[in-house]
1. How many residues does the stretch 55-64 contain that are under 22 Å from the mean Cα position of the chain (by Cα) and closer than 16 Å to Ile271 by Cβ?
2. Quick check: is even one residue across the stretch 261-281 modelled with pLDDT of 80 or more and within 23 Å of Phe132 (Cα to Cα)?
3. Checking the condition at pLDDT 85 or above, within 22 Å of Val444 (Cβ to Cβ) and crowded, with 18+ Cβ neighbours inside 10 Å, which residue from Met105, Met89 passes?
4. Output the residues belonging to the stretch 161-187 that are farther than 14 Å from Arg255 by Cα, in contact with a Phe, Trp or Tyr (Cβ under 8 Å, 6 or more places away or on another chain), part of a helix (DSSP H, G or I) and modelled with pLDDT of 80 or more.
5. So which residues in the stretch 48-81 are of a type outside the set (A, V, I, L, M) and open to solvent by 10 Å² or more (accessible area, probe 1.4 Å)?
6. Identify the single condition in (1) more than 21 Å from the chain's Cα centre (by Cα); (2) without any contact (Cβ under 8 Å) to a residue 60 or more places away in the chain; (3) within 28 Å of Val221 (Cβ to Cβ); (4) part of a helix (DSSP H, G or I) that Gln392 does not satisfy, given that it satisfies every other one.
7. State whether one or more residues within the stretch 201-220 are at pLDDT below 75 and not β-branched (Val, Ile, Thr).
8. Looking at Val354, Val304, Val350, Val381, which one is at pLDDT 80 or above and crowded, with 23+ Cβ neighbours inside 10 Å?
Amino acid sequence: MTALQTFFTSGGLELAQTEGTLQKKLKPRHISFMAMGGVIGTGIFKGSAETIGLAGPGVIVTYIFAGLLLLVVMAAMAEMATVYKNKNMKDFVQEAFGSRVSFVMGWMYCFLWLSVCVIEVIAAGSFLQYWFSEVPLWMLSLACAAFIILVNLLSVGVFGEFEFWLAGIKIAMIIIFIFLGAGLIFGIIPSDNTPYLQNYTQAGGFFPNGWSSIFSALLVVMFSYGGSELIGLTLTETENAEKVMPKIVGNFMLRIILFFTLPILIICGLIPWNEIGPESSPFVQVLASTGLPGAAHIMNFILVTAVLSAANSGIYGASRMMHSMAVGGEAPKALSQTNRNGSPVNTLLVCSVVLLGGSLLGLFAQDQLFRVLLAVPGFVVILVWICIASSQLKLRKKYPVQPTFKVWGFPYITGVVVLCLSVIAVMFVFDEGNRFSISICLAVLALLIIWSLIRFRKTDGRTV
């Protein structure tokens, strides 16, 4: 037995003898904040500099458009949850398209979250170096990875509560940022230079790079919104999921769109869009421009909690997807085991090994690692969203019971969303700046498709 196995199976982390025994202890507030924790991270705090640079203040149109696409995807998932109880989003895909497609989607989703988690723990380590400059990056990253793994080994109720407060810190700071920024823009808070609305019309106007720039920014925005579908993995650990899901989706989508669009408006209102540098977070640049004492420390603290929260949600997503696949016979049975707290301990062991390796990779190729991995989540998220929406499109006519919640304008709304997401995916493939990263994604996708054809050549009777 390895040291890691001993650590994971000793004391309070002893393995249970049953399979698939996840606990139903997540409450609606845990689910909402867990999904928001996965979304509000590097994408908004760092990626917003790139989206603003591409489209200027008009990038909020991109965020709203992508948010509407996401709303339909989330609504489709909520509808299926009211029909297929005690099943998650992978099960919906399997019900619609069979084992091969769900197998490929499941492993791609694990690939997505594991790559995101590596990015987030290395980012957390780099932010911590602001205070601990003498400590090597790899040591800080490993410490962050160990912290996240320990949190995920707790009971799901404790995990949900921890993520609720961790995500709550980010959300509270974004709200404070919005009110502080609005006060500065309109002169309610005294400052040396009150911009009012002039920064929205200067330097080329609201759409300085034309309407086409809105679509150029879509790739980064899709990465930013990635993680919202994490709600679909909480269904098997949520009491009365079929009842709470529709309410959660509505509230969640409103908050997500507001938490992305309003900060972007504040940033562009306080600093001309063409003066926002890519070297640091726009939030840091805005707070620094206010001259508030300790602003840099406050913002660095927010950034650390943001990436840790995103990594925390990411490990949950990867471990639960692997556990679900193991229970369904699509992954080694050993991954279906849980400890006494109801946590899927063996899948967490796999995640910890990946995080360990990812942290060490950051020691040798930090910049290259970021460039390669940052494009992966956006592309894979689009594929997952297409699978979810397509599943609802196919399953609606053969539901065993009538859903208590339905997607509006079926089948036209869902069909348009699938088409839009497919076009965005093609744009992603032909984007020269992400060609190497997308090549990696396509290679992994091809290997999984081949593996699925071999793995299910006799067990899957349906044509996929």
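1. So the answer is 2.
2. Among the residues of the stretch 261-281, not one is modelled with pLDDT of 80 or more and within 23 Å of Phe132 (Cα to Cα), which makes the answer no.
3. Met105
4. Phe177, Ile185 - these are the residues of the stretch 161-187 that are farther than 14 Å from Arg255 by Cα, in contact with a Phe, Trp or Tyr (Cβ under 8 Å, 6 or more places away or on another chain), part of a helix (DSSP H, G or I) and modelled with pLDDT of 80 or more.
5. Across the stretch 48-81, the qualifying residues are Glu50, Gly53, Phe65.
6. Looking at each condition in turn, Gln392 falls short on (2).
7. Looking through the stretch 201-220, at least one residue is at pLDDT below 75 and not β-branched (Val, Ile, Thr).
8. Checking each option against the conditions leaves just Val381.
The values are calculated or read from the model by the stated rules, or taken from the named source; none is laboratory data. Note that this is a predicted model, so its numbers are computed, not measured. Positions of Cβ are generated from backbone atoms using ideal geometry, with glycine treated the same way; all protein chains shown enter the neighbour counts. Ligands, DNA and RNA are stripped out before the accessible areas are found, and what is left, the full protein with its side chains, is counted by its heavy atoms. Shrake-Rupley method; radii C 1.70, N 1.55, O 1.52, S 1.80 Å.
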